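As structure tokens, the structure follows; a few thoughts come after it.
The values are calculated or read from the model by the stated rules, or taken from the named source; none is laboratory data. Quick caveat: nothing in here was measured; it's all calculated off a predicted structure. With ideal geometry, Cβ positions are generated from the backbone for all residues, glycine too; neighbour counts draw on all protein chains shown. Side chains are part of the model used for accessible areas, which takes the heavy atoms of the whole protein and leaves out ligands, DNA and RNA. Shrake-Rupley method; radii C 1.70, N 1.55, O 1.52, S 1.80 Å.
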Amino acid sequence: MDVLTRMANLDEISPEVISQISTLIGQRLTTLGRGSREQRGGIRAVAELFNRLDRTISKTVLESIETDTPELAVSIRNLMFVFDDLIKLDDRGMQELMKEISKEDLPVALRGANTDIKDKFFKNMSSRAAEMLRDDMESKGPVKITDVERAQQNILKVCRKLEEEGRIVVAGAGEEML
């Protein structure tokens, strides 16, 4: 936990250091796979490591970081799971998520989403609801990027809450679903 906290607080970490830490953590905790060779900020590097760790291990370590520095834990979480990762939800999980999210956030969040994510949402709605959402998105004028990002983060918060409650499952990096 100390190593990860220190990494997250650094501005830049050399690729060699990331590789060495990945190897050590992998030997100690679980197999991590191959690390990226490009230079990254500390928090992004930690988020990448967490995405490769077994979900229970990363959750335990992240909870420990959260007790010491809650802001750091939020920053790491935000980089671990992004709006585009919603594509990993199965249809039942997507429908469960849509029941819980704000109807004001969805059209704003989808303005900044790629086509695959939009299609995933539309596919899990009735054709009438999907058409109404499309009309709502088209009728609104330009939306600030900060508003789009805020709406996407609000949806991700709901997604994390549902996952913690066991109501949905989000497949992680390299994780297979049956």
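Using Cα centres only, tell me the gap between region 68-89 and region 136-160 in whole Å. So the two Cα centres are separated by 16 Å.
Phi angles across region 83-100 convert, under the Karplus curve 6.51 cos²θ - 1.76 cosθ + 1.60 with θ = phi - 60°, into 3J(HN,Hα) values of 4, 5, 5, 5, 4, 6, 5, 6, 4, 5, x, 5, 5, 5, 4, 5, 5, 9 Hz, Gly and Pro given as x.
For ASP84, neighbours were defined as the other residues whose beta-carbon sits under 12 Å from its Cβ, and their charges (Lys and Arg +1, Asp and Glu -1) total +1. Taking the Cβ of VAL74 as the centre, find all other residues whose Cβ is under 12 Å away and add up their charges (Lys, Arg: +1; Asp, Glu: -1). So the surrounding residues net to +1.
The alpha carbons of region 40-160 occupy a box of 46, 31, 23 Å along the principal axes, longest dimension given first. Between GLY93, MET137, THR115, the Cα set farthest toward the positive side of the dipole of region 78-178 (charges on each charged residue's Cβ, about the Cα centre) is that of MET137. With all protein chains in place and a 1.4 Å probe, the accessible surface of region 49-138 carries 49 percent carbon and sulfur. Gyration tensor analysis over the Cα atoms of region 91-178 returns equivalent ellipsoid semi-axes of 23, 15, 12 Å (largest first, whole Å).
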